[in-house]
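Report on the structure given below.
The values are calculated or read from the model by the stated rules, or taken from the named source; none is laboratory data. Computed from a prediction, not measured in an experiment: that's the story for all the values here. All Cβ positions, glycine included, derive from the backbone under ideal geometry; neighbour counts span all protein chains shown.
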Amino acid sequence: MRILGKSIIFLLVAFILVLVVNNYGFTPLGDAVHPEMKRAFEAHRVGIYCHIFASGLALLLGPFQFLTRLRQRWPGLHRGIGRVYLGVGVLVGGSAGLYMSQYAFGGPIARVGFALLAVLWLYSGFRALVAIRRGDIVEHQEWMVRNFSLTFAGVMLRLWLMSSFIAQIRFKDSYHYIAWLCWVPNLIFAQCQITMARRNV
């Protein structure tokens with residue numbers, strides 16, 4: 001089941017990254033989003049590009065950090081990937097995400113949802129870094145599970161958008177809910193996994 005779960009995560013990450021690279025790397029900025037979002041993106045190009053590509057880097061690197069064999073056989077590589085993941089992906093992506101949250105489509109509900117996601121993403125990354133620096137591997141792993149569950153919001157956001165489109169729910173009626181749905185269930189699931197792991201020790 002763990003192998004299946006990790007395989008699904010890798011496939012979903014790859015699928016979403018292909019969409020992101022295509023939408024933000026090979027087409028004009030904002031062509032794939034709502035016109036109001038496009039205007040916000042065009043007005044804050046640096047912010048949206050920093051957020052999208054730094055967060056995409058975190059999404060790309062994150063799954064590899066949970067491969068036990070990689071951690072055991074190549075600890076130096078694990079640490080190197082971790083530094084890039086936290087120092088570029090989370091720090092730059094989260095900071096830019098927090099900045100862009102104030103211009104998010106969907107009104108105050110969506111803006112608060114995305115802002116809180118960014119704050120918790122940065123905070124959990126900071127706690128993971130502090131834990132590993134003092135040598136607490138278990139706490140570091142727990143905070144990284146929480147952190148990656150928030151990184152995975154980039155995947156869930158697009159899956160929820162696709163689901164709402166299939167269900168024929170208007171974008172403006174669903175987006176402010178998706179701003180919360182893309183990460184709150186992830187974090188709850190991560191905490192449940194952590195709690196179960198503690199009980200099995």
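Things to note:
- Residue match in the range 26-34 (condition: surrounded by fewer than 19 Cβ atoms within 10 Å (Cβ to Cβ), on the phi < 0 side of the Ramachandran plot, in contact (Cβ under 8 Å) with a residue 12 or more places away in the chain and under 14 Å from the mean Cα position of the chain (by Cα)): no
- Segments classed as helices (runs of 4 or more DSSP H), wholly inside the range 1-101, with at least 2 members that are touching a Lys or Arg at 6+ places or on another chain (Cβ under 7 Å), hydrophobic (A, V, I, L, M, F, W, C) and more than 19 Å from Arg127 (Cα to Cα): 2-25
- Of all residues in the range 82-103, exactly one satisfies the criterion of being surrounded by 17 or more Cβ atoms within 10 Å (Cβ to Cβ) and more than 16 Å from the chain's Cα centre (by Cα), namely Tyr103.
- For Phe105: the one exception among (1) in a helix (DSSP H, G or I); (2) touching a residue at least 40 places away in the same chain (Cβ under 8 Å): (1)
- Filter result for the condition that a residue is surrounded by 12 or more Cβ atoms within 10 Å (Cβ to Cβ), over 30 Å from Gly80 (Cα atoms) and not aliphatic (A, V, I, L, M), over Tyr175, Tyr123: Tyr175
- Selection status of Ala128, touching a His at 6+ places or on another chain (Cβ under 8 Å), in a helix (DSSP H, G or I) and touching a residue at least 12 places away in the same chain (Cβ under 8 Å): yes
- The listed residue being closer than 30 Å to Glu42 by Cα, part of a helix (DSSP H, G or I), of a type in the set (Gly, Ala, Ser) and in contact with a His (Cβ under 9 Å, 6 or more places away or on another chain), out of Ala110, Ala179: Ala110
- Unique match (being under 23 Å from Leu11 (Cβ atoms), out of contact with any Phe, Trp or Tyr (no Cβ under 9 Å at 6 or more places or on another chain) and in contact (Cβ under 8 Å) with a residue 40 or more places away in the chain) among Arg71, Arg146: Arg146
- Selection status of Ala128, modelled with pLDDT of 95 or more, over 15 Å from the mean Cα position of the chain (by Cα) and among the aliphatic types (A, V, I, L, M): yes
- Any hit, the range 113-122, residues being in contact with a Lys or Arg (Cβ under 6 Å, 6 or more places away or on another chain) and either closer than 14 Å to Trp180 by Cβ or of a type outside the set (Val, Ile, Thr) (or both): no
- Exactly one residue out of Leu4, Leu29, Leu70, Leu11 is touching a His at 6+ places or on another chain (Cβ under 7 Å) and over 19 Å from Gly89 (Cα atoms): that is Leu70.
- Test: residue in the range 35-48 that is surrounded by 18 or more Cβ atoms within 10 Å (Cβ to Cβ), closer than 21 Å to Met144 by Cβ, in contact (Cβ under 8 Å) with a residue 40 or more places away in the chain and β-branched (Val, Ile, Thr): no
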